[in-house]
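What follows draws every value from the coordinates through simple rules; no lab data is involved. Just so you know, these numbers come straight off a predicted model, no measurement behind them. Using ideal geometry, Cβ is built from the backbone for each residue, glycine included, and neighbour counts are taken over all protein chains shown.
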Amino acid sequence: MPRLSEVIAALDALWPPDRAEQWDAVGTVCGAPEAEVSRVLFAVDPVQEIVDEAVRIGAGLLVTHHPLYLRGTTTVAASTVKGRVVHDLIKNDIALHVAHTNADTADPGVSDALAGALDIRVVRPLVPDTTDSEGRRGLGRICELEHPLTLAEFAERAAERLPATAQGIRIAGDPGRTIRTVAVSGGSGDSLFDAVRAAGIDAFLTADLRHHPASEARAEAPLALLDAAHWATEWPWCELAAAQLDEISDRHGWGLRVHVSKTVTDPWTAHAASSSAHPAADATSAASAPSAPTDSLGAPN
Ligand SMILES: [Zn+2]
C-alpha cells in the first residue's frame, strides 16, 4: 500500500503545481504524508456531499479539480462551510489534493477529456503554453469532427455525451449550420474569445458564457456557441485522471482502488423553459434546435 507522499508525487508528475496560474491554489490541502492510501476518489468540487461520499467509500485521498480555498482564510472552524469540510476530512483520515489550472493546461488535460467525451479529434491547444516546445500543452483545444454535423446535431451529441445537468446545453447560432471545427474549453471559457476568433473555427463549446462576451463574439464572426454546465464540462477529466492514476498504481503494484464520483455538484438544480405567451418566444424557439434536448424540464441524475 503506498504512502500519501508517494501518490502525491505521482499526481504532481502528471500535473506539476508550478504550471498552475499565479492566482490559483493547487496542491495538497490536508493529509499526512506518511499515511497509507488504499482508496482514492476523484471529483470536480471539494464540497460537503463529496466529502460525505469519500467517508462512505473509505477513501484515504480525495482529488478535486476545484480548490477548497482559493484565497487565504483565518479560520477552519467547523461552524463555517469550508471549515466543516476540513474537519470531516481530517477526522476521517482523508487527504485532499487539488489539480486545477495545472490540470487544465496539461497534456492530456481537462479539455482533452472534454473532447474525448464528445468524440472529437484534438488538433492543438487553443492557447498554447509557450514553454512547451512540443506545442501540446495549453488552455482549451481546437478539434475536428470526424464527419460534419449541423449545430443542432452537435448540440444533441453534447447533451447525450456529457453528464446530465439541469442546464443541458444552450446554443447560439443557426441550428442547421454545418460544424466541422470546434474549440472546447472545460470550465468558464469566455476569456478565450480572442483566441477563438483568431482560430476561425465553426463553434465554441465551453461553460459560463456571459451575455456581453457571447453577444459580441456572435456579432463579430459567424461563430456558433454551445454553453454547457461548468461541472459537466470538467467532470470528464475526473475519469481521465482516475484512469491515469490507475495505470500508475498498476505499474507500481500499489493496488489502489480508484473511484470517480458521479454526484452532480453543479449548483443549478432545475430548468424552466420560457413561456410561449411572451412576445419574444417566437425568436427563442426559432433559435432552438428542434431535435436538441436543450429545453427540457428536469432534475439532474
Ligand atoms: Zn472549473
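Values computed for the structure shown
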read-out: Highest to lowest packing among 175-184, 127-136, 151-160, scored as the average C-beta count within 10 Å; value: 151-160, 175-184, 127-136
read-out: Sum of side-chain charges, Leu145 neighbourhood, beta-carbon under 11 Å (Lys, Arg +1; Asp, Glu -1); value: -2
read-out: Cβ-derived FRET efficiency at R0 22 Å, Val76 paired with Glu49, nearest 0.05; value: 0.70
read-out: Difference of contour (0.36 nm per residue) and Cα-Cα distance, Ala219 to Thr263; value: 12.1 nm
read-out: Relative packing of 228-239, 38-49, which averages over residues the other C-beta atoms within 10 Å, highest first; value: 228-239, 38-49
read-out: The stretch 4-103 - percent relative contact order, Cα under 8 Å, separation 6 or more; value: 39 percent
read-out: MRE, 222 nm, helices only [DSSP H, n ≥ 4, -39500 (n - 2.57), over the chain, to nearest 500]; value: -10000 deg cm²/dmol
read-out: 0 to 90° range, to nearest 10: angle between helix 48-57 axis and the chain longest Cα axis; value: 50 degrees
read-out: Counting DSSP beta bridges with both ends in the stretch 4-103, the antiparallel % (nearest 5); value: 25 percent
read-out: Cα gyration tensor shape for the stretch 4-103, rounded if a/c is under 1.5, else prolate or oblate; value: oblate
read-out: Whether the stretch 1-49 is rounded, prolate or oblate, judged on the alpha carbon gyration tensor where a/c under 1.5 counts as rounded; value: oblate
read-out: Contact order relative to length of the chain, as percent, for alpha carbon pairs under 8 angstrom and 6 or more apart; value: 19 percent
read-out: Cα-based shape type of the stretch 189-241, given that a ≥ b ≥ c are square roots of the gyration tensor eigenvalues and the cut on a/c is 1.5; value: prolate
read-out: Label-point separation, Ala277 to Ser38 (7 Å along Cα→Cβ), nm; value: 6.0 nm
read-out: Relative contact order of the stretch 79-233, pairs being alpha-carbon contacts under 8 Å that are 6 or more residues apart, as %; value: 20 percent
read-out: Protection proxy ranking of 21-33, 200-212, 73-85 - average other beta-carbon atoms within 10 Å, highest first; value: 200-212, 21-33, 73-85
